[in-house]
Amino acid sequence: MVDISLLLGRRLEQVVRYDFSWGFSFSGGLHIRVECLWRLLVSERVVLTSEDHAHQFGLPAPVDCVGEIRRCVEGVPITRATVRARTVDMSLDFSEAATLEVIATSTGYEAWVLSGQGVLIVGQPGYE
């Protein structure tokens, strides 16, 4: 079981969209680089995914995932941080406000990397 409890109590400080990945920076100098699908749940309902960014979907403006995530969870501490055994799917609960789920989409590439001062945890499902 992968232990990511060091994220407990941390607050989201920055979200960055790179060419083919996403970066989530948290208080205390922790950073998660996500190389796969992520989704944001509010009241257990999917409200946003990494696939939605910059698509208009008939809305007045394209979806801004960076702004929407910040609006939902900025300043809210992480109260639960888990990794699902064998899949390395990650779930971060921001109190009762929202849940950020990272869903591994490859067995050959890492899904995410959690790093910081003296910390390097790689989420890679691999083969059994």
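Subtracting the Cα-Cα distance of Asp19 and Ser106 from their residue separation scaled by 0.36 nm leaves 29.5 nm.
Excluding Val47 itself, what net charge comes from residues whose Cβ is under 12 Å from its Cβ, given Lys and Arg +1 and Asp and Glu -1? Don't jump to the answer; show the numbers that get you there.
Details: positive: Arg39, Arg45, Arg71; negative: Glu44, Asp52, Glu68, Glu101.
Value of the local net charge: -1.
Students sometimes get this wrong: rank Leu92, Leu37 by accessible area, probe 1.4 Å, all chains present, largest first. Before the final figure, lay out each step's value.
Values: Leu92 0, Leu37 50 Å².
My answer, sorted largest first, is Leu37, Leu92.
Find which of Leu8, Leu100, Gly67 sits farthest along the positive direction of the dipole of the chain, computed with +1 on the beta-carbon of Lys and Arg, -1 on that of Asp and Glu, about the Cα centre. After comparing all options, I get Leu8.
Given a 1.4 Å probe and every protein chain left where it sits, what share in percent of the accessible area of the chain is carbon and sulfur?
Summing carbon and sulfur atoms, their accessible area is 49 percent of the total for the chain.
I need the per residue convex hull volume for segment 70-128, using only the alpha carbons, in cubic angstrom as a whole number.
Details: hull volume 6.0 nm³, N = 59.
Taking the convex hull of the Cα positions in segment 70-128, it is 102 Å³ per residue.
For segment 1-84, the alpha-carbon coordinates run over 40, 29, 24 Å along the three principal axes, in decreasing order. When only the Cβ of Lys, Arg, Asp and Glu is charged (+1, +1, -1, -1), the dipole of the chain relative to its Cα centre reaches about 200 debye. Out of segment 1-100, which chymotrypsin sites (Phe, Trp or Tyr not before Pro) are coil in DSSP terms and have no more than 11 other C-beta atoms within 10 Å? Here the sparse-neighbourhood loop sites are Tyr18, Phe20, Phe57.
Name the shape class, rounded, prolate or oblate, that the alpha-carbon gyration tensor gives for segment 1-50, where a ≥ b ≥ c are the square roots of its eigenvalues, rounded holds for a/c under 1.5, and otherwise prolate holds if a/b is larger than b/c and oblate otherwise.
Numbers: a/c = 1.56, a/b = 1.16, b/c = 1.34.
Oblate.
Remark: segment 101-111, residue by residue, has Karplus-estimated 3J(HN,Hα) of 10, 10, 10, 4, 10, 8, 8, x, 10, 5, 7 Hz, where x stands for each Gly or Pro and the curve is 6.51 cos²θ - 1.76 cosθ + 1.60 at θ = phi - 60°.
The values are calculated or read from the model by the stated rules, or taken from the named source; none is laboratory data. Given the structure is predicted, the values throughout are model-derived calculations rather than measurements. Neighbour counts are summed over all protein chains in view; Cβ atoms, including those assigned to glycine, are modelled from backbone coordinates with ideal geometry. Just so you know, the surface numbers come from the protein's heavy atoms only, side chains and all, with ligands and any DNA or RNA stripped out. Shrake-Rupley method; radii C 1.70, N 1.55, O 1.52, S 1.80 Å.
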